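Participant: First the structure, then my questions, so here it is.
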Amino acid sequence: MATIAVPLGAQGEQQETEALRRPALSEYLRWSVDHKIIGVQYGVAAFIFFIIGGAMAMLIRLELWTPDLDVMISGAAYNSLFTIHGTIMIFLFIIPMWAAFGNFVVPLQLGAKDMAFPWLNAFAFWLIPPAAVVVLLGYFVSPAEAGWTSYPPLSTLFSGDGQTLWALGAHLLGISSIMGSINFIVTIFNMRPPEMTIWRMPLLCWAVLATSIIAVMATPFLAGALTLLLLDRVAGTTFFDAAGGGDVLLWQNIFWFYSHPAVYIMVLPGMGVLSEVLSVHSRKPVFGYRMVGLSSMGIAFVGFTVWAHHMFTSLQPELRIPFMITTMIIAVPTGIKMFSWLGTIWGGKIRFTSAMLFAIGFLSLFVIGGISGVMLAALPFDIHVHDTYFVVSHFHFVLFGGSVFAVYAALYHWFPKVTGRMMNERLGRIHFLFTYIGFLFTFFPMHVVGMLGMPRRVAVYVEAFQPWNQLISFSAFVLGFSSLIVIYNVIKSYYHGPIAGANPWRALTLEWQTTSPPPATNFVDDPIPFEDPYGYGTEASAAYLDAVDEAFSGAAPAEGGGH
Amino acid sequence: MTSTVHQGQKPKLGVAEMRLKNNRLGMTIFQISWIMVFLALIVVNWQLRFSYNEWPPAGVAPFDPLLPSAATLSLLLSSLLIKRGLDALRAQSPRGFLMRWRGAMALGIAFMAIIVYEFASVSDAAMATQYGLTMRLMTGFHFVHALAILAIIIRVYRSGAAGRYSGDEHDSWAVEGTAKLWHFVTVAWIMFYVVLYWIR
């Protein structure tokens, strides 16, 4: 019960003039060191890549409508299609998308005026467009065919020159990711207000911190692997070529030492989002706050010890059991999060906003992806379904059912803060319905065809699988359509949505204790955080939120007709 | 990680203090992060050894560690002089700073000259195996970093010669940061030196 007298009262007058003064759209196309602009730049760029990658997924599903090769010219063309789909979704969509929310929200949640290194922040973002051009150019020149994992010798002896460009692009994206992560770690450690100890920090910041620690420790291994791949492709070395004393398993070891932790880079921030959204929209404190924060660190740590489970069929047999055990251990911190989220919403005053729906969608889908993950960790089962659609199903459950649902939850949750206007809730619910049903019927049946033996990464398949594949493809088209709904909603709401006000969700974290959108310096005075970022349901928190509402009430209706 | 550091209420830092604190932590994290690439290359070296029954492979003469040891000593002294130069600047002795950095640059260039010589004189027999390939990979990769950071040292030295830095730590981050980068190059090299020349 520390101070509940909110020091925001004096701001009212100043806020009024600044309210809903949004940056001009042209500012988003220019170099800017404002973390809020950079956050939106990341977000819009990543979403564009999501649409491009999604369109490619639609093509993949169109090809798989029939057992024969019909849409694509050749098997090789199909190979390059799923290669670029995976590459775009992982390197150009999910990782930058979390940088978007991290950039926009983390400094605000910490009450900071900007990130620790604003210039570096902008530079990290502006590495992405050229990297994307390089990768996409490769696709049109002479495409890579080796999948996003680019195993040699496929990627050294068979793939086209696009593979070289792919490696260069991935290099740039890795460097961008490292610079962004250094920025996040320094910001989170150094720039919190004096009242906010690390144990009072919002859980999104915990998750971004864990993510950034993984990124700075693991991404250099990707840089190492890509350097070797480039040398093998252009300089005639034989690091991956057994004929010259090299070893193809070398790539798998180094690459997965990066890429397995990288899957936590892709999902941990989503878990942070979930803690925020579930707590705010069910009006209850996060259950087991410390355990949620520490389990992020636990996942980050254990994540470094499991990489070889991607190599169960190529690894020395005696190493399989240890990696099977570490892989199963990682279900423990993830399970802690699951139970604490359930404990959070249990008995809460749940408001089924679109953000909440997507968060609950994440809960139900991620748990399926988690369970199929434990199944895959079991060595005998993994050998059986290795490289089948079961694996495809598993990682889409965690990366789409997990990460993308969390992206949508975050979008509906923070859109009012970013733009000052609310999203359309009715469209949001329709969007959720299409996404959830489309997703479930796209990816759940893949478990079945996978266990029946349909291999992944093939354009032709046995005729007996056709009914399953038609169900999957049809649902995939529904899923593809659902993203058009959210695009329409975002554009419509940006111009015509209801004015949000400072704190439409009555949330306690600091990003809501300023105008929407926040002024250039984020806060007019240094904000004082509430004693507990999730202390909902107490009189003190109600008093704090009322004081915030009062401080900004003059600001909200001032805009009226809209600019 | 450092939860205890942030316990208790501390006064808000000024802009200059905050910038220095951020720069220092950022540099530390960068060092921890980027050393991982060098570790990755050590893993590469290590795993490729298993392709052969013996190391160096049969018919390949092992590298002579004499010159590389001299190079390593030179780099260590260079790194030490860089640090002593920073200390001199902090002690309000700009001339001592410049003098020591001249020595550090000379020793650094000597190090790099030996490395270039070693890189160029790998035998064809060695290059036909991973013994020579990984050696060139590692020394080459390290050389690129040494060269880039030497360029930064020269640039900072010229600014120093123009009297741009006072002894105040808020005013001379460029000197401190550059010194830390050179220490990074030194540590990375010592790891490589041990793996390449002493672990058989």
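Participant: Which residues, taken from segment B:2-31, are at the interface with chain A (Cβ under 7 Å from one of its Cβ atoms), at pLDDT 95 or above and either under 20 Å from the mean Cα position of the chain (by Cα) or outside any helix (DSSP H, G or I) (or both)?
Facilitator: The answer is B:Leu25, B:Gly26, B:Ile29, B:Phe30.
Participant: Still on this structure, I have one more. So the check is Cβ under 7 Å with 6+ separation or different chains; which pairs have a first residue in segment A:527-548 that's under 14 Å from A:Arg506 (Cβ atoms) and touching a residue at least 40 places away in the same chain (Cβ under 8 Å) and a second one that's buried (at least 20 other Cβ atoms within 10 Å of the Cβ) and charged (D, E, K, R)?
Facilitator: A:Tyr536/A:Lys284; A:Gly537/A:Lys284
Participant: Okay, next question. Which one of these does A:Gly138 not meet: (1) more than 11 Å from chain B (Cβ to nearest Cβ); (2) under 20 Å from A:Ala46 (Cβ atoms); (3) at pLDDT 95 or above?
Facilitator: (3)
Participant: Here are A:Pro193, A:Pro143: which of them is within 14 Å of chain B (Cβ to nearest Cβ) and in a loop (DSSP other than H, G, I, E, B)?
Facilitator: A:Pro193
Participant: Now for a separate question. Mind counting the residues in segment A:478-495 that are of a type outside the set (Val, Ile, Thr) and surrounded by fewer than 16 Cβ atoms within 10 Å (Cβ to Cβ)?
Facilitator: Qualifying residue count, segment A:478-495: 5.
Participant: B:Val116 is checked against (1) surrounded by fewer than 16 Cβ atoms within 10 Å (Cβ to Cβ); (2) modelled with pLDDT of 95 or more; (3) over 20 Å from the mean Cα position of the chain (by Cα) and fails just one. What number does that condition carry?
Facilitator: Tallying (1) surrounded by fewer than 16 Cβ atoms within 10 Å (Cβ to Cβ); (2) modelled with pLDDT of 95 or more; (3) over 20 Å from the mean Cα position of the chain (by Cα), B:Val116 fails exactly one: (3).
Participant: Shifting gears a bit: What are the residues in segment B:126-155 that are without any contact (Cβ under 8 Å) to a residue 24 or more places away in the chain and within 21 Å of B:Asp87 (Cβ to Cβ), if any?
Facilitator: Result: B:Arg155, single match.
Participant: More than 14 Å from chain A (Cβ to nearest Cβ), part of a loop (DSSP other than H, G, I, E, B) and surrounded by 16 or more Cβ atoms within 10 Å (Cβ to Cβ): is that true of B:Phe63 in this structure?
Facilitator: Criteria met by B:Phe63.
Participant: Something else about it: For segment B:82-111, give me each residue that is among the hydrophobic types (A, V, I, L, M, F, W, C), farther than 18 Å from B:Ser159 by Cβ and part of a helix (DSSP H, G or I).
Facilitator: B:Ala106, B:Leu107, B:Ile109, B:Ala110, B:Phe111
Participant: Let me ask something additional. Tell me, which helices (runs of 4 or more DSSP H) lie completely within segment A:27-127 with 2 or more residues that are more than 16 Å from the chain's Cα centre (by Cα) and closer than 28 Å to A:His413 by Cβ?
Facilitator: A:35-63, A:95-109, A:118-126
Participant: If I ask for residues that are surrounded by fewer than 24 Cβ atoms within 10 Å (Cβ to Cβ) and among the polar types (S, T, N, Q), which ones from segment A:213-268 would you list?
Facilitator: A:Thr227, A:Thr237, A:Thr238, A:Gln252, A:Asn253, A:Ser259
Participant: Quick check, is A:Phe362 free of Cβ contacts under 8 Å to residues at least 12 places away in the same chain and among the hydrophobic types (A, V, I, L, M, F, W, C)?
Facilitator: Here the answer is no, as A:Phe362 does not meet what is asked.
Participant: Restricting segment B:34-50 to residues that are more than 7 Å from chain A (Cβ to nearest Cβ) and closer than 15 Å to A:Leu228 by Cβ, which is surrounded by the most Cβ atoms within 10 Å (Cβ to Cβ)?
Facilitator: Selected residue: B:Phe38.
Participant: Working only within segment B:113-164, note down all residues that are away from chain A (no Cβ under 14 Å), more than 30 Å from B:Phe97 (Cα to Cα) and small (Gly, Ala, Ser).
Facilitator: Once the filter is applied, which keeps residues that are away from chain A (no Cβ under 14 Å), more than 30 Å from B:Phe97 (Cα to Cα) and small (Gly, Ala, Ser), segment B:113-164 yields B:Ala120, B:Ser121, B:Ser123.
Participant: What are the residues in segment A:75-133 that are in contact (Cβ under 8 Å) with a residue 60 or more places away in the chain, among the aromatic types (Phe, Trp, Tyr) and crowded, with 23+ Cβ neighbours inside 10 Å, if any?
Facilitator: Within segment A:75-133, A:Phe91, A:Trp98, A:Phe101, A:Phe104, A:Phe125 meet the criteria.
Participant: Restricting to segment A:208-235, name every residue that is more than 10 Å from every other protein chain (Cβ to nearest Cβ) and more than 20 Å from A:Gly169 (Cα to Cα).
Facilitator: Selection gives A:Val208, A:Ala210, A:Thr211, A:Ile214.
The values are calculated or read from the model by the stated rules, or taken from the named source; none is laboratory data. Predicted, not measured: the structure shown is a model, and the values here were computed from it. All Cβ positions, even for glycine, are placed from backbone atoms using ideal geometry, and neighbour counts span all protein chains on display.
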